[in-house]
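Working notes for the structure below.
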Amino acid sequence: MSAVRRAVSEALWAMCAADSASMPVHWYYDVQDIRRDFGGWITGLKGPGDKHPSSILSLSNTAGSGRSAWASGAKRPDVVGHIILHHKLDLWKSSRGSVHYHQGLQAGDNTLNTVCSLRAARSLVAGGFTDVSRPDARAAVMSDYVRFMTTPGSHNDTYAESFHRSFFADWQDSRPTSPRQVLLFAEKRSKLKLSSSFPDGQLDAIGCLPMILPFILLSASANEEQAVSAAVEFVKLTHPHPKVPEYVSIYGRALHATLGGACVRQQAEHALRSLDAWDTCQSYSRKAARFPVSSEERLKVHQSAVNYLGLACYTKGALSSLFYLAHEFHDDVRGGILTNTNCGGENCNRGAALGALLGAGGAYTGAVVPQEWKDELRDARDLIPDVLKELE
């Protein structure tokens with residue numbers, strides 16, 4: 001196995017491991033709730049509880065982006081339960097108000113966004129695209145995405161974030177399905193939203209990263225500009241917000257360089273400088289270094305750093321947190337994944353992108369995802385071997 005192919009492989013496994021590890025405590029905004037619900041900090045792959053201490057699922061808009069209270073204009077039909085997430089609407093409408101976002105998943109399962117990422121990777125390799133920045137590559141991924149999301153029983157997750165709901169709220173009017181039709185629809189929709197005077201702030205979210213990961217990973221042998229272009233052109237279809245391409249570019253350049261053997265620590269510093277977060281991160285890094293590795297005291301510093309830099313979904317803050325953790329755990333894939341999990345907040349999407357970066361770097365340093373985790377990752381075991389086989 002070539003060094004680059006090994007880096008792609010480890011990036012995929014670490015992406016899935018980080019997402020799955022965080023899944024049971026996704027959007028835990030009080031880290032003490034993690035300790036209470038799991039009898040201590042998370043140390044491996046667990047399943048979610050029935051209840052979530054800070055769930056606001058019942059406030060989410062089942063007909064599109066954002067919260068129900070934000071919906072304006074004419075009442076639109078629900079996409080949750082009818083177009084996507086079949087048989088899940090009752091959980092969104094539950095009067096209990098504490099339903100876990102990922103009810104239905106088990107230990108080792110991946111959340112919807114990471115499963116979509118794996119499927120995107122499979123679509124790209126199955127299509128045999130030598131250049132995944134081409135429109136037909138995007139068309140193949142988007143048509144598979146539509147088929148997957150609208151097929152009852154295709155996955156077990158309960159939650160779909162705003163970008164999914166917004167896309168299918170618009171898609172349901174014409175319901176295109178062929179690769180060409182879906183691409184034309186998505187391009188027209190993207191152009192309209194990117195030119196809007198009032199962009200949807202819910203699309204400026206770290207959830208923009210999982211589905212672009214395959215476009216970078218499968219451009220590992222291409223030049224940087226081609227790889228970044230592939231990611232940026234695709235993310236415009238899923239997250240048509242004017243700020244998102246810049247953030248995807250920052251992340252994409254770091255991951256592409258790492259796949260080629262560049263130092264994760266140096267790439268993280270460069271990205272943090274671009275995000276105007278380097279000085280703050282250095283301060284937290286110095287504080288963390290006062291305490292022993294793997295100590296609770298050091299974990300508390302990392303939790304404080306992520307809380308300050310960006311605990312929620314909004315891209316700039318979450319990306320700053322991601323690169324802070326990448327800098328601190330550049331040579332420790334397992335430690336980085338578990339620390340990200342135990343920092344709470346938007347740790348699944350942040351974790352998927354962090355995992356890909358650490359996994360790619362670990363392929364060169366020997367710091368890889370533990371085999372026992374790989375054995376437990378059901379979605380990854382189903383899809384990653386197919387992707388890697390096509391790359392041979």
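Nothing in this text is a laboratory measurement; each read-out follows from the coordinates by a stated rule. Note that this is a predicted model, so its numbers are computed, not measured. When we count neighbours, we look across all protein chains shown, and the Cβ atoms used for this are built from the backbone with ideal geometry, even at glycine.
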Report Rg(Cα)/(2.2 N^0.38 Å) for the stretch 298-337, keeping two decimals.
1.10
Using 13 Å as the cut-off for backbone N distance, which residues of the stretch 75-108 belong to the label zone defined by a point 7 Å from the Cα of residue 156 along Cα→Cβ?
102-108
Quick check on the stretch 122-165: take the gyration tensor over C-alpha atoms, sort the square-rooted eigenvalues as a ≥ b ≥ c, and tell me if it's rounded (a/c under 1.5), prolate or oblate.
prolate
Neighbourhood net charge (11 Å Cβ-Cβ; Lys/Arg +1, Asp/Glu -1) for residue 216
0
Hey, how much of the P(r) for the stretch 315-356 falls beyond 14 Å, as a percent of Cα pairs?
32
With a 10 Å radius around each residue's Cβ, average the other Cβ atoms per peptide and rank 142-153, 361-372, 114-125, 304-315, highest first.
114-125, 304-315, 361-372, 142-153
Please list the non-local residues whose amide H lies under 5 Å from the amide H of residue 76, H modeled 1.01 Å from N, same-chain partners needing a gap of 5 or more.
none
Normalised per residue, the volume of the convex hull around the Cα set of the stretch 6-110 (Å³):
136
Amide H of residue 63: which non-local residues (sequence gap of 5 or more, or other chain) have their own amide H closer than 5 Å, using H built in the peptide plane?
79
Need one number: nm distance between label points at residue 314 and residue 75, each 7 Å from Cα along Cα→Cβ, rounded to one decimal.
3.2
At 25 °C and a viscosity of 0.890 mPa s, what translational diffusion coefficient does Stokes-Einstein give for the stretch 262-392, taking Rh as the Kirkwood radius over Cα pairs? Give it in µm²/s as a whole number.
161
3J(HN,Hα) from dihedral phi, the stretch 161-178, Karplus parametrisation 6.51/-1.76/1.60, rounded to Hz, x for glycine, proline:
6, 4, 5, 5, 5, 5, 4, 7, 5, 7, 5, 5, 5, 10, 6, x, 10, 6
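Is the stretch 79-185 best put as rounded, prolate or oblate by its Cα gyration tensor, with a ≥ b ≥ c the root eigenvalues, rounded for a/c under 1.5, and otherwise prolate when a/b is larger than b/c, oblate when not?
Oblate.
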Length-normalised contact order of the chain in % [C-alpha pairs under 8 Å, at least 6 apart]:
28
For the stretch 135-275, take the alpha-carbon Rg, divide it by the Kirkwood Rh, and send me Rg/Rh.
0.99
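Report the FRET efficiency, 1/(1 + (r/R0)^6), for residue 177 and residue 243, where r is their Cβ-Cβ distance and R0 is 25 Å, rounded to 0.05.
Values: r = 31 Å, r/R0 = 1.22.
Given R0 = 25 Å and the Cβ-Cβ separation, E is 0.25.
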Assuming R0 = 25 Å, can you tell me the calculated FRET efficiency for the pair residue 263 and residue 291, based on Cβ-Cβ distance, to the nearest 0.05?
0.55
For the stretch 239-328 (alpha-carbon point model, no solvent) the Debye-based log₁₀ I(q)/I(0) at q = 0.12, 0.23 Å⁻¹ works out to -0.37, -1.13
So what's the projected area for the chain, the Cα convex hull averaged over all directions, in nm²?
17.4
What number, rounded to the nearest 500 deg cm²/dmol, is the helix-based mean residue ellipticity at 222 nm of the chain, given -39500 (n - 2.57) per DSSP H run of at least four residues and division by all its residues?
-18000 deg cm²/dmol
Starting at the first residue of the stretch 150-156, write each ³J(HN,Hα) from the Karplus equation 6.51 cos²θ - 1.76 cosθ + 1.60 with θ = phi - 60°, in whole Hz, x for Gly and Pro.
9, 8, x, x, 6, 7, 10
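Take the Cβ-Cβ distance between residue 54 and residue 107 as r, set R0 to 22 Å, and report the resulting FRET efficiency rounded to the nearest 0.05.
0.55
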For a quick check, take a GNM of the chain with Cα springs below 10 Å and name the residue from 236, 188, 316 with the largest mean-square fluctuation.
188
How far, in nm, would the chain grow between residue 93 and residue 147 when pulled straight, counting 0.36 nm per residue and subtracting the alpha carbon separation?
16.9 nm
Which of the residue pairs 93/300; 46/88; 75/193; 193/300; 300/374 have a Cα-Cα distance greater than 30 Å in the structure shown?
93/300; 193/300
